[in-house]
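**Student:** Supplied in C-alpha cells, the structure appears directly below.
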Amino acid sequence: MLLPGGLIRPGTVVCAGGDGPLALELAAHAAAGLAGWAALGMPDLGVLAAADAGLDPLLGLLVDDPGTAWAPVLSLLLEAVPVVLVGAAEHVPDRIARRLGAVMRRSGSVLVAMGEWPGAELRLQVREARWEGVGLDGTGLLHGRRATVVASGRGSAAAERSVEMWLP
C-alpha cells in the first residue's frame, strides 16, 4: 500500500516528484466522490489527460498563469475546491506555505504539488518507468507506462515504501 491508510487525508500536501501523470492520479484519488478540483500554474495540463486519470472535466477549474498573485489565487482555490494541483513552484517561502496549510486544514482541501513543497506530509517519486506497447521494431501503440513509485513522508508515511503501478 503506497498511501498511509490507502487514502489522502483532507488538509494534506502531497508532492508528486515532478511527474505529471502521477500528480493526476493522486488528484483523481483524492477527488473521488468529491465536488470539484482545480489546477494552478499547469498550462500544459490537458483536459483529456485529466479525464483519463479520473478527474471529471466538468468539475475542473484551470488557472494557467496566476502571475505574481499565485499565493492569493491558490488560497482562494483551496477554500473553494477539495483538491488543487499546483505546478512546480520555484521556491515557496515557509511563511506562505504555513498560511496555505492553515487554509487547507480549515477547508479540508488537498494540495497535490508537482514539485517540492515545504512541510509536505507525503512525497512520491517515480524511480523507474518503462513504456509498454511499442514493438521492438518501433511500431504499435503505447498502452501505458509501468512505473515503480516510492513514497515517503512524515508521521504514518515516514517509512519508505514502493509499489509498481500503471500510470498513463
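**Student:** What residues qualify as long-range amide H neighbours of Leu61, i.e. H under 5 Å apart, gap of 5 or more or another chain, H built at 1.01 Å from N?
**Tutor:** Hits under the 5 Å cutoff: Trp37, Ala38, Ala39.
**Student:** I would also like to ask the following. Sorted by accessible area (1.4 Å probe), largest first, how do Glu121, Glu90 line up?
**Tutor:** Glu90, Glu121
**Student:** Here's something else I'd like to know. Just need the Rg to Rh number for region 52-100, please, alpha carbons only, Kirkwood Rh.
**Tutor:** That ratio equals 0.98.
**Student:** What FRET efficiency do you get for Trp131 and Arg106 if R0 is 35 Å and r is their Cβ-Cβ distance, rounded to the nearest 0.05?
**Tutor:** Calculated transfer efficiency: 0.25.
**Student:** Grab the Cα-Cα distance for Leu58 and Ala158, subtract it from 0.36 nm times how many residues apart they are, and report the gain in nm with one decimal.
**Tutor:** 32.4 nm
**Student:** Could you compute the FRET efficiency for Arg95 and Asp65, with r as their C-beta to C-beta distance and R0 at 25 Å, rounded to 0.05?
**Tutor:** On the way: r = 23 Å, r/R0 = 0.93.
So the FRET efficiency works out to roughly 0.60.
**Student:** Using a probe of 1.4 angstrom, how much of the accessible area of the chain is carbon and sulfur, in percent?
**Tutor:** Of all accessible area on the chain, carbon and sulfur atoms account for 56 percent.
**Student:** What dipole magnitude, in Debye to the nearest 20, does region 1-151 give about its Cα centre under +1 on Lys/Arg Cβ and -1 on Asp/Glu Cβ?
**Tutor:** For this selection, approximately 600 debye.
**Student:** Right, something else. Once you put a point 7 Å from the Cα of Thr139 and another 7 Å from the Cα of Leu7, both along the Cβ direction, what distance in nm separates them?
**Tutor:** 4.9 nm
**Student:** Using amide H atoms built 1.01 Å from N in the peptide plane, name the residues 5+ places from Gly144, or on other chains, whose amide H lies under 5 Å from its own.
**Tutor:** Excluding prolines and chain starts, which carry no amide H, the hits are Glu132.
**Student:** Note down the nm distance, to one decimal, between modelled labels 7 Å out along Cα→Cβ at Leu48 and at Val150.
**Tutor:** 3.4 nm
**Student:** Specify which residue in the list Val84, Ile96, Trp37 is farthest towards the positive end of the charge dipole of region 34-100, using unit charges on the beta carbon of Lys, Arg (+1) and Asp, Glu (-1), about the Cα centre.
**Tutor:** Highest projection toward the positive end goes to Ile96.
**Student:** Accessible area of Met114, 1.4 Å probe, to the nearest 10 Å²?
**Tutor:** For Met114, solvent-accessible area is about 30 Å².
**Student:** If one takes the longest principal axis of the Cα atoms in the chain, at what angle in degrees, from 0 to 90 and to the nearest 10, does the Cα axis of helix 20-31 lie?
**Tutor:** Helix 20-31 and the main axis of the chain meet at about 60 degrees.
**Student:** Round to the nearest 10 and report in Å² the accessible area of Asp52, as given by a 1.4 Å probe over the protein chains' heavy atoms.
**Tutor:** Asp52 exposes around 130 Å² with every protein chain in place.
**Student:** Return the tail of the calculated pair distribution for region 86-148, meaning the percent of Cα-Cα pairs more than 17 Å apart.
**Tutor:** Of the Cα pairs, 58 percent sit more than 17 Å apart.
**Student:** May I pose another question? For region 30-84, I need the span (max minus min coordinate) of the C-alpha atoms along each principal axis, in Å, sorted largest to smallest.
**Tutor:** Largest to smallest, the principal-axis extents are 31, 23, 15 Å.
**Student:** Give the angle, between 0 and 90 degrees and rounded to the nearest 10, that separates the Cα long axis of helix 94-107 from the longest principal axis of the Cα atoms of the chain.
**Tutor:** That helix lies at roughly 90 degrees to the long axis.
**Student:** Ordering Asp94, Asp137 from largest to smallest accessible area (1.4 angstrom probe), what's the sequence?
**Tutor:** Highest to lowest solvent-accessible surface, that is Asp137, Asp94.
**Student:** With every protein chain in place, what's the accessible area of His29 (1.4 Å probe, Å², nearest 10)?
**Tutor:** Per-residue accessible area (His29): approximately 90 Å².
**Student:** Also: Running Debye on region 1-50 with equal point scatterers at the Cα sites and no solvent, what base-10 log of I(q)/I(0) appears at q = 0.21, 0.28 Å⁻¹?
**Tutor:** -0.85, -1.40
**Student:** Solvent-accessible area per residue for region 21-168 at a 1.4 Å probe radius, Å²? Write down the numbers at each step before the final one.
**Tutor:** Details: 8110 Å² over 148 residues.
Here the residues of region 21-168 average 55 Å² of exposed surface.
**Student:** Please report, for the Cα atoms of the chain, the Rg to one decimal and the Dmax as a whole number; what are they, in angstrom?
**Tutor:** Rg and Dmax of the chain, Cα atoms, are 15.9, 54 Å.
**Student:** From the protein chains alone at 1.4 Å, what is the descending order of accessible area for Thr12, Thr139, largest first?
**Tutor:** Values: Thr12 10, Thr139 80 Å².
The ordering from most to least exposed comes out as Thr139, Thr12.
The values are calculated or read from the model by the stated rules, or taken from the named source; none is laboratory data. Given the structure is predicted, the values throughout are model-derived calculations rather than measurements. Every residue, glycine as well, gets a Cβ built from its backbone with ideal geometry; the counts of neighbours run over all protein chains shown. Surface areas here come from the heavy atoms of the whole protein model, side chains and all, with no ligands, DNA or RNA. Shrake-Rupley method; radii C 1.70, N 1.55, O 1.52, S 1.80 Å.
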